[in-house]
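Some notes on the structure that comes next.
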Amino acid sequence: MGFLSDLREDLSFFGGFKLTIQHLTRPRVTFQYPEEKKPKQPRQHGRHVLNRYEDGMEKCIGCELCAGVCPANCIYVRGLDNPPDHPVSPGERYGFVYEINYLRCINCMLCVEACPTEAITDSKMFEFSFTNRADAIYTKTELVVDDEGRPQKMPWEDWREGDDLMTSGWMRATAPAGNAAYEGVTQWSGELGYGVRQGEGGQSENRDDTVTGSKLLRDLLPGHLLKEDIDPVHLGVQGRVTRAKKQGEFNKVRLEQARDRLVAKRAQWKIDKENRKAAK
Ligand code: SF4
Ligand code: SF4
């Protein structure tokens, strides 16, 4: 064996670094959570909402099917006859009491599947935590959408842009009968604030990603893609510069937010001080 082949053999362990070096120039997969978040898919299961029709009436008819199907036994519903003068829902009855205990919910969404009127659907918001058990039990006050058709936002919930959009898209991916010919074909009622929602196309050709908010995997997971799938601005030195610029912009926004908070606090201190002086 010659000197060169000996040397090559001795240094062959460097081959093990090839993959590591390749990944040095690839975009980061990690995010600065919770400041940054990845976009959510239409089928993301989040906390529920109780929907209303476009005329403002509640969709829930108090049939208790959702409570019956719930495997965690965490829904409590009581129906009541609609008052003839002021009906709450278009049905004979409406959901008088409606509660979901989120300490038990396993986010299976069987309740959503069981509901005959599409009253209960899920938003994409799953980032919430409680400091007491009472807050974990959502009643109608928290679950029914507001007059704009938007979900109520509790102080302990971290809502971001888009978390209340396309709330029920996932359950509409296929036709109820499983017949692909009806996939994405509208067969449901409109919702307050949103009108008739577009069905998700699922696996067929019949899909409109702009309307449903579906994202292709390559848009969501750039770090897992092959080089040819990645936009050149995210690769190599150019990629580093792009990411540095993005991070710089992000830091700038955070600095500005911190400065605004400080200014607001100072103003409040001044007001408090003057109030204390006036009170003396
Ligand atoms: S998502 Fe599942 S566990 Fe949660 S309330 Fe609905 S049926 Fe029950
Ligand atoms: S949410 Fe749906 S399934 Fe549950 S009680 Fe209301 S109408 Fe019935």
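The values are calculated or read from the model by the stated rules, or taken from the named source; none is laboratory data. These numbers come from a predicted model, not from an experiment. Heads up, the Cβs are rebuilt from the backbone with ideal geometry, glycines too, and the neighbour counts pull from every protein chain shown.
Which one of these does LYS252 not meet: (1) closer than 27 Å to LEU165 by Cα; (2) modelled with pLDDT of 85 or more; (3) among the basic types (Lys, Arg)?
Among (1) closer than 27 Å to LEU165 by Cα; (2) modelled with pLDDT of 85 or more; (3) among the basic types (Lys, Arg), LYS252 violates only (1).
Would you check which residues across segment 5-39 are of a type in the set (S, T, N, Q) and more than 30 Å from LYS252 (Cα to Cα) and list them?
Within segment 5-39, SER5, SER12, THR20, GLN22 meet the criteria.
Starting from segment 100-120, take each residue that is within 10 Å of ligand 2 (Cβ to nearest atom) and list its partners that are part of a loop (DSSP other than H, G, I, E, B) and modelled with pLDDT under 90, counting only C-beta distances under 8 angstrom and pairs at least six apart or across chains.
From residues that are within 10 Å of ligand 2 (Cβ to nearest atom), the pairs are VAL112/SER168; THR117/GLY91; THR117/SER189; GLU118/SER168; GLU118/TRP188; GLU118/SER189.
Filter segment 46-63 for residues that are away from ligand 2 (no atom under 16 Å from the Cβ) and surrounded by fewer than 17 Cβ atoms within 10 Å (Cβ to Cβ); which is farthest from VAL112 (Cα to Cα)?
Residue satisfying both the conditions and the ranking: ASP55.
Consider segment 150-170. How many of its residues are touching a Ser or Thr at 6+ places or on another chain (Cβ under 7 Å) and modelled with pLDDT under 75?
Counting residues in segment 150-170 that are touching a Ser or Thr at 6+ places or on another chain (Cβ under 7 Å) and modelled with pLDDT under 75 gives 4.
Kindly check whether there is at least one residue in segment 64-77 that is within 9 Å of ligand 2 (Cβ to nearest atom), assigned by TED's automatic domain parsing to the domain that holds GLY193 and closer than 19 Å to ASP147 by Cα.
No, segment 64-77 contains no residue that is within 9 Å of ligand 2 (Cβ to nearest atom), assigned by TED's automatic domain parsing to the domain that holds GLY193 and closer than 19 Å to ASP147 by Cα.
Which one of these is closer than 30 Å to LYS246 by Cβ, of a type outside the set (S, T, N, Q) and touching a residue at least 60 places away in the same chain (Cβ under 8 Å): GLU36, GLU54?
One residue alone meets the criteria, GLU36.
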